[in-house]
1. Filter segment A:103-112 down to the residues that are part of a loop (DSSP other than H, G, I, E, B), facing another protein chain (nearest Cβ under 10 Å) and crowded, with 24+ Cβ neighbours inside 10 Å and list them by number.
2. I'd like the full set of residues that are within 7 Å of another protein chain (Cβ to nearest Cβ), more than 28 Å from the chain's Cα centre (by Cα) and not in a helix (DSSP H, G or I), limited to segment B:122-170.
3. Which strands (runs of 3 or more DSSP E) sit wholly inside segment B:15-113 and have at least 3 residues that are surrounded by fewer than 18 Cβ atoms within 10 Å (Cβ to Cβ) and either at pLDDT below 95 or on the phi > 0 side of the Ramachandran plot (or both)?
4. Do we find a residue being at pLDDT 85 or above, in contact with a strand residue (DSSP E or B) (Cβ under 9 Å, 6 or more places away or on another chain) and either in a helix (DSSP H, G or I) or closer than 24 Å to residue A:91 by Cα (or both) anywhere in segment A:145-158?
5. Looking at this structure, is residue A:93 more than 8 Å from every other protein chain (Cβ to nearest Cβ) and assigned to a loop (DSSP other than H, G, I, E, B)?
6. Could you look through segment A:65-78, keep only residues that are in contact with a strand residue (DSSP E or B) (Cβ under 9 Å, 6 or more places away or on another chain), at the interface with chain B (Cβ under 8 Å from one of its Cβ atoms) and assigned to a helix (DSSP H, G or I), and pick out the one that is surrounded by the fewest Cβ atoms within 10 Å (Cβ to Cβ)?
């Protein structure tokens with residue numbers, strides 16, 4: 001009987017959809033009208049526009065993926081994330097972290113400081129320093145405005161929708177001082193970016209590697225053992241398997257490549273911080289309360 | 001599907017999820033140290049591709065068991081193969097946990113836990129999603145403030161460290 005239950009659990013686990021990738025934020029392959037290309041490529045989004053856009057994306061995202069109901073867990077993840085973000089170059093964004101209730105293994109960064117991590121990833125972590133490694137990678141994407149860069153670099157590559165035109169237009173600037181107008185624009189533009197179906201467009205490989213390096217640096221500056229992300233990537237290498245035929249993996253750096261990229265950087269800069277806390281007990285309490 | 005196979009599959013999945021005892025290989029020739037320090041005594045020299053059992057992690061080091069000995073190895077010197085088997089890849093039977101873990105198996109038979117993932121879960125879901133502003137407000141109600149985050153850090157003895165890294169190294 002017990003064997004059967006275990007077997008069922010195993011089969012269930014093996015059949016669960018799970019994408020072992022930690023690269024996100026692959027929002028946005030927003031095409032920009034070629035006539036607007038130069039304008040868009042040089043556009044500087046104000047922090048208010050960035051935040052409104054990120055909130056629009058997040059609201060759409062949450063329409064598809066429910067939040068984990070455990071509020072203590074949500075607050076726990078927010079404290080870890082906020083502490084990390086306070087030790088980043090953009091400590092004053094309205095940083096917001098959330099756990100979404102899906103077995104997919106992933107995490108997502110929205111412009112402006114909203115970061116979502118899946119329960120599937122959280123369940124496979126072993127310590128707070130590993131959680132910190134995953135969140136800090138996302139924070140690094142936001143700090144470096146990688147998603148916004150992806151919008152800009154996509155300029156001129158394909159047709160433009162109405163919302164795309166709106167993004168590229170000066171209308172946003174006029175709405176800058178209009179809070180309701182800005183929120184409306186952010187909600188519309190963010191949702192359009194989800195519905196457009198380009199969410200899987202990967203960020204540039206170099207951005208992922210940069211987010212890994214900056215992520216371990218942020219974790220170390222926050223007092224964590226910076227090797228948490230290394231443990232996460234090694235876990236992903238195991239969970240991923242030989243998925244060479246799967247495009248979502250083809251278009252992203254493999255965990256092994258990311259580890260290879262990190263090794264020299266960490267050996268040169270972060271080895272002396274390796275004995276900083278992993279904070280396993282608090283992590284286990286936060287996780288087990290929910291299970 | 002035999003009970004034996006199911007049991008092996010169980011072990012494989014559980015060992016993957018729990019991560020209490022990760023199976024790994026040395027990714028290069030390396031040394032097993034008595035402690036997690038480069039200048040600690042060397043207990044054994046491990047050739048590339050030596051199977052090891054990871055018992056714990058500490059900073060850049062992993063506490064491992066190999067060849068009847070246990071000691072510390074650099075985490076970057078380990079590689080972690082995929083471990084989960086699919087139910088269709090059991091043609092030869094899974095006669096041991098070792099095979100269930102994918103040791104010495106052809107790559108084509110290695111399992112694939114992650115076949116759907118973001119695309120399977122979110123692409124269609126996201127395309128069809130209706131925005132949920134109430135959920136966003138709920139999410140935002142859980143934000144931590146600076147003071148709370150600082151107290152939280154102190155509780156775990158997390159101290160802010162000034163670390164300067166050359167800009168070119170970060171890019």
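1. The first filter runs over segment A:103-112 and keeps only residues part of a loop (DSSP other than H, G, I, E, B), leaving A:103-106, A:111-112.
From what is left, the residues that are facing another protein chain (nearest Cβ under 10 Å) are A:103-106.
Correct list: A:104, A:105, A:106.
2. Within segment B:122-170, B:129, B:130, B:131, B:132, B:142, B:143, B:144 qualify.
3. Details: elements: B:22-26, B:30-33, B:42-46, B:51-58, B:61-66, B:69-74.
Hits in segment B:15-113: B:51-58.
4. Applying the first criterion (at pLDDT 85 or above) to segment A:145-158 yields A:145-146.
Retained after the next criterion (residues that are in contact with a strand residue (DSSP E or B) (Cβ under 9 Å, 6 or more places away or on another chain)): A:146.
With either in a helix (DSSP H, G or I) or closer than 24 Å to residue A:91 by Cα (or both) added as a condition, the list becomes A:146.
Within segment A:145-158, one or more residues are at pLDDT 85 or above, in contact with a strand residue (DSSP E or B) (Cβ under 9 Å, 6 or more places away or on another chain) and either in a helix (DSSP H, G or I) or closer than 24 Å to residue A:91 by Cα (or both).
5. Working: more than 8 Å from every other protein chain (Cβ to nearest Cβ): yes; assigned to a loop (DSSP other than H, G, I, E, B): yes.
Judged against the criteria, residue A:93 is a match.
6. If we take residues in segment A:65-78 being in contact with a strand residue (DSSP E or B) (Cβ under 9 Å, 6 or more places away or on another chain), at the interface with chain B (Cβ under 8 Å from one of its Cβ atoms) and assigned to a helix (DSSP H, G or I), then A:74 is surrounded by the fewest Cβ atoms within 10 Å (Cβ to Cβ).
The values are calculated or read from the model by the stated rules, or taken from the named source; none is laboratory data. None of these values were measured; they are calculated from a predicted model. All Cβ positions, glycine included, derive from the backbone under ideal geometry; neighbour counts span all protein chains shown.
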